[in-house]
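Data first, discussion second: the structure below is written as structure tokens.
A short reminder: the numbers here are calculations on the coordinates, not readings from a lab. Computed from a prediction, not measured in an experiment: that's the story for all the values here. Ideal geometry is used to build each Cβ from the backbone, glycine not excepted, and the neighbour counts take in all protein chains shown.
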Amino acid sequence: MPKQPVQKYYINSFTYALDSKYIWRIMRGMRYTVKQFKAEYPDDRACLKAVLDNRYGKTCPRCGVVGVKFHPITGRKGFVCSECDRHIYPLADTIFRKSETSLWNWFYAIYLFSVAKNGVSAKELERHLGVTYKTAWRMAKQIRLLMAQETGKFMGIVEVDETYMGGRRKIDNYHDNKTPIVGIAEKRGMVKATTLSSQAKAINVMPYVKANVERLSVLHTDKSRIYMHANLDYKHRSVDHGEHTYVKNGIHTNNLEGFWSQLKRSINGTYHVVSPKYLPNYVDEFVFRYNHRHEPVCPVLLAKAARLV
């Protein structure tokens with residue numbers, strides 16, 4: 001009997017060869033449903049204990065003893081160490097600090113961000129949580145701080161492309177009215193992107209590329225003049241979009257084009273208008289969501305929420 005073909009699935013730059021009949025089981029295991037969320041975090045007390053565990057584990061930050069027990073303080077968002085009897089407040093220096101909003105509401109807002117492919121607007125948070133718009137807007141802003149892009153350089157085959165977003169008035173120069181964004185994508189891997197303060201040119205695009213892509217990597221771009229001298233540091237390959245050629249001998253920027261498409265549809269459909277001042281935070285949000293597309297996002301965000309900001 002001939003051997004069944006094996007399908008390859010790419011997850012965060014690592015290749016897994018899997019039989020197709022097991023794929024549905026893996027995808028099912030990657031879900032994190034609202035039922036699981038409510039079972040794990042039923043109330044504020046459970047949420048506060050989760051922040052404490054993620055931040056300190058079983059080690060007291062005051063006395064340094066490992067394996068201590070933390071006893072909750074009645075009427076306060078803190079604990080007492082069983083060894084040194086000193087108070088520990090796990091919400092200090094996190095996104096939850098100085099917030100009168102229920103901690104469970106914070107956790108549920110993070111859950112909504114984790115399962116929404118197209119983002120969550122402040123008005124939607126306002127409706128879900130029953131808070132004011134001002135509170136919902138601040139919560140959304142703080143949650144996006146958890147989605148800051150990670151450092152490190154890409155290598156191998158890397159795509160680079162730029163796009164423009166925003167703009168409301170009609171002027172002669174199309175680009176002058178918009179915010180440029182440059183992006184870098186590994187083939188079947190992760191993405192990085194950032195906004196630029198001026199029109200995308202070699203003088204501001206190439207330094208970003210050099211800071212995030214290892215030398216001698218294979219660089220796939222379009223025929224833009226921005227990348228004319230990219231072959232000095234990289235193995236540069238390009239495809240001519242002006243000739244309506246988008247794939248040639250395996251050379252393309254389609255991964256980034258797909259990311260731009262998702263970013264623009266989501267912002268236009270969910271947020272509608274984003275100012276240049278806050279656009280970097282929204283770019284971080286969708287980069288984070290793209291890079292964690294093969295795993296449940298909520299546990300990742302909740303673990304990040306316990307870290308210092």
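Between rounded, prolate and oblate, where does the stretch 157-277 land on the alpha carbon gyration tensor, with a ≥ b ≥ c its root eigenvalues, rounded for a/c under 1.5, else prolate if a/b exceeds b/c?
Details: a/c = 1.69, a/b = 1.55, b/c = 1.09.
Taking the square roots of the gyration eigenvalues as a ≥ b ≥ c, the stretch 157-277 is prolate.
What does DSSP give for the chain in terms of the percent of beta bridges that are antiparallel, rounded to the nearest 5? Spell out each step's value before the answer.
Values: 25 of 34 bridges.
So the antiparallel bridges in the chain amount to around 75 percent.
How much length is gained on full extension from residue 293 to residue 278, taking 0.36 nm per residue of separation minus their Cα-Cα distance? Could the numbers behind the result be given before it?
Details: separation 15, 0.36 × 15 = 5.40 nm, distance 2.33 nm.
Extending this stretch completely gives an extra 3.1 nm.
Going by how many other beta carbons lie within 10 Å of each one, how would you line up 139, 228, 206, fewest first?
Values: 139 25, 228 13, 206 19.
Placing the least packed residue first, the sequence is 228, 206, 139.
Here the label points at residue 45 and residue 232, each 7 Å from Cα along the C-beta direction, are separated by 6.5 nm in the simple model. Amide H contacts of residue 213 (H built 1.01 Å from N, in plane; Pro and chain starts excluded): 154 sit under 5 Å, all sequence-distant by 5 or more or on other chains. Annotation: peptides 75-83, 270-278, ranked by per-residue average of other Cβ atoms within 10 Å with the highest first, follow the order 75-83, 270-278.
What FRET efficiency would be calculated for the residue pair residue 265, residue 211, taking the C-beta separation as r and a Förster radius of 35 Å, to the nearest 0.05? Mind dumping the intermediate values first?
Numbers: r = 29 Å, r/R0 = 0.82.
Efficiency for this residue pair is about 0.75.
What share of all Cα pairs of the chain, in percent, falls into each consecutive 20 Å distance bin? Calculated over all Cα pairs of the chain, the distribution is 27, 50, 22, 1 percent.
Computed from backbone phi, the HN-Hα couplings of the stretch 179-184 come to 9, x, 10, 10, x, 10 Hz, rounded to whole numbers (Karplus: 6.51 cos²θ - 1.76 cosθ + 1.60, θ = phi - 60°; Gly and Pro given as x). Distant-in-sequence amide contacts of residue 236, defined by a placed amide H-H separation under 5 Å and a gap of 5 or more residues or a different chain, comprise 219.
Between residue 243 and residue 218, full extension at 0.36 nm per residue minus the direct alpha carbon distance yields a gain of 6.8 nm. Both numbers refer to the Cα atoms of the stretch 46-92; Rg and Dmax are 9.5, 26 Å. Restricting the trypsin sites (Lys or Arg not before Pro) of the stretch 121-213 to loop positions (DSSP other than H, G, I, E, B) with no more than 13 neighbouring Cβ atoms within 10 Å leaves 168, 169, 170. To the nearest 0.05, how large is the calculated FRET efficiency for residue 76 and residue 124 if R₀ is 51 Å and r is the Cβ-Cβ distance? E(calc), rounded to 0.05, equals 0.95.
Each peptide in 247-256, 106-115 receives the mean, over its residues, of other Cβ atoms within 10 Å, and ordering these scores from highest gives 106-115, 247-256. Calculated on the alpha-carbon coordinates, the convex hull of the stretch 104-150 measures out at 69 cubic angstrom per residue.
Per DSSP H run of at least 4 residues, take -39500 (n - 2.57); add these up for the chain, divide by its residues and hand me the 222 nm value, nearest 500 deg cm²/dmol.
On the way: 10 runs with 107 residues, N = 309.
About -10500 deg cm²/dmol.
Between residue 198 and residue 31, the contour length at 0.36 nm per residue exceeds the alpha carbon distance by 56.1 nm.
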